[in-house]
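Here the structure comes first, spelled out in structure tokens, and everything after it is commentary.
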Amino acid sequence: MSEFVMPRRQLIARAGGLAATLPLLSACDAINDAPAVRKILSMGEEMNRASQRALIDRNALAREFTRADLSPIFRANGTRLPAGAAYAAHVARGFADWRVAVTGLVAKPFSLSLADIRAMPQRTQITRHDCVEGWSAIGQWTGVQLSRILTAAGVKDSARYIVFRCADRIGDALYYESCDMVDARHPQTILAWALNDAVLPIANGAPLRLRIERQLGYKHAKYVTGIEAVASLDGIGAGKGGYWEDRIDYEWYAGI
Amino acid sequence: MAEAETPVAPSAPAPLATVRVYRHRLPTRIWHWVNAVTLLILLMSGLMIFNAHPRLYWGEYGANFDRAWLVIGSTADSGYLRIGSLRVETTGVLGRWTNAEGVEKTWAFPGWATIPTSYNLADGRRWHLFFAWVLAISLTLYMLWTAIGGHLTKDLHVRRSEWSPRHIWHDIKQHARLRFPKGEAAARFNILQKLSYIGVIFVLLPLMIATGLTMSPGINAGAPWLLDLFGGRQSARSIHFIAAWALVAFFFVHIAMVLLAGPVNEIRSMVSGWFRLPPERKDGA
């Protein structure tokens, strides 16, 4: 026994100074930052995306709950109030002039007012929202299925992704996100204007936010002003398909 | 695992001859070391992900306004861990600690325990979700090999006589007295070893993978029964956390046993496969 105790004590004594742990920790971080390592690790995202697409029915629904299951308070995250006079003016007018532009690879580009959107067939769903941070909240959402808007606009076959443009500026850019056509045409993917039977609160993305129920929260673009059909994500932001994807390497596919 | 290189004749043991047995076959050794690296990375990157929301809940939902059964938090000058109504001050280790540059931080787990060492959820997830694949694939292959290659029936199978409470109690007492099997008996797994290895391979590791998948909104749509199995996404997250610490507990007991039973011989056997049988005790115990 004693032959183990001594060296261990010496080890602990040596590691006691915080400075002694510095080289080891920085070596770990150097591995984390190495481009080759990052490239290998990011294969995990592609494996998750490919396996989920291959094994799960493309139209499989996220679980829907009952009103008894609702979170008492639905937590807001990210932007809670978009800055700037333009958004404030929209708030003052009750979003009466808010428009969502449908552009890109579509036969008929057009824009929709909130009244237009509310006049379309509606879908209400009680679903669980999962933040990438780990928390979950259950809320009831009402809005129009994105697939109806895409069909009305006549999305071309060359379109492979749908990009969402938003009114909230975080740091240097307006928020943006994107998804593939499978999630874009999924029955539960809606542009929601109501949460828990009330008009969508500003903190949750008023007047219009995306619900993309099989992915994590950062994909659910809030304050949506534009829907753009594109063939590639190369020209969008830095090319990774979303605000956080481009800035801090969140995975584009957020189904896990 | 008990292929003796030198024939062992229990009736007439050569007093000084070292008896070596081929104890661990190649798949076991490869899987062991792949796991050692994989589980360490999964634990440390998992602690990083936990730091993003250091609260655990039971049920389907759970966020800041909901009751958490476990919280690692901080006050103006201290860090704490709260489990239920039990609160423990953890300043310096959890909730409030000083990083390698001497800067005070209030993330739940300290930088020396996480991958990467400073808060970065995107990178933590990247390590975690890549090595989760390594774990899942290697575990699946190893389970198949234990079943097909005979490891399960020959070495891990608990015989009827071993299930007797007397036998198990005897083994617990022997372990508590640090009296480990000697001679030929050391070439076989004892009942406590069998139960721990079966528990890790067939219960804990599959539980880690299943609860991990239950946190995936994509998997939830394809396999909603997982939500029912674990009682909701936040319950799955809590079970994932608890099972991770059960694996850490296994690790510490495992290391303690290796150190007590003879670290050089034990580690060498997990590298080369060959294990030197400890000589029989004189008192015959």
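A few points about this structure:
Condition check ((1) at the interface with chain B (Cβ under 7 Å from one of its Cβ atoms); (2) assigned to a helix (DSSP H, G or I); (3) modelled with pLDDT of 95 or more) across all residues:
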| position | (1), (2), (3) |
| --- | --- |
| A:27 | no, yes, no |
| A:30 | no, yes, no |
| A:38 | no, yes, no |
| A:51 | no, yes, yes |
| A:57 | yes, no, yes |
| A:63 | yes, no, yes |
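- Any pair with Cβ under 7 angstrom, 6 or more apart, that starts in the range B:216-239 at a residue that is over 22 Å from residue B:69 (Cα atoms) and small (Gly, Ala, Ser) and ends at one that is at pLDDT 95 or above and part of a helix (DSSP H, G or I): B:218/A:52; B:222/A:55
- Just one of (1) loosely packed, with under 13 Cβ neighbours inside 10 Å; (2) of a type in the set (Val, Ile, Thr); (3) more than 9 Å from chain B (Cβ to nearest Cβ) fails for residue A:79. It is (1).
- Just one of the numbered conditions (1) closer than 30 Å to residue A:85 by Cα; (2) out of contact with any His (no Cβ under 9 Å at 6 or more places or on another chain); (3) charged (D, E, K, R) is not true of residue A:177: (2).
- In the range A:65-76, of all residues being loosely packed, with under 14 Cβ neighbours inside 10 Å and within 9 Å of another protein chain (Cβ to nearest Cβ), the one that is farthest from residue A:168 (Cα to Cα) corresponds to A:72.
- Take the conditions (1) away from chain B (no Cβ under 11 Å); (2) buried (at least 20 other Cβ atoms within 10 Å of the Cβ); (3) under 15 Å from the mean Cα position of the chain (by Cα); residue A:245 misses just one of them, which is (1).
Yes/no per residue for (1) under 27 Å from residue B:224 (Cβ atoms); (2) buried (at least 23 other Cβ atoms within 10 Å of the Cβ); (3) within 14 Å of chain B (Cβ to nearest Cβ):
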{"residue": "A:142", "(1), (2), (3)": "yes, no, no"}
{"residue": "A:149", "(1), (2), (3)": "no, yes, no"}
{"residue": "A:152", "(1), (2), (3)": "no, no, no"}
{"residue": "A:158", "(1), (2), (3)": "no, no, no"}
{"residue": "A:166", "(1), (2), (3)": "no, yes, no"}
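- Qualifying residues in the range B:216-235 (those that are under 22 Å from residue B:55 (Cα atoms) and more than 7 Å from chain A (Cβ to nearest Cβ)) - the one surrounded by the most Cβ atoms within 10 Å (Cβ to Cβ): B:232
- Filter result for residue B:192 (buried (at least 17 other Cβ atoms within 10 Å of the Cβ) and either within 14 Å of another protein chain (Cβ to nearest Cβ) or in a helix (DSSP H, G or I) (or both)): no
The values are calculated or read from the model by the stated rules, or taken from the named source; none is laboratory data. Because the structure is a prediction, the values reported are computed rather than measured. Don't worry about glycine lacking a Cβ; one is built from the backbone with ideal geometry, like all the others, and counts go over all protein chains shown.
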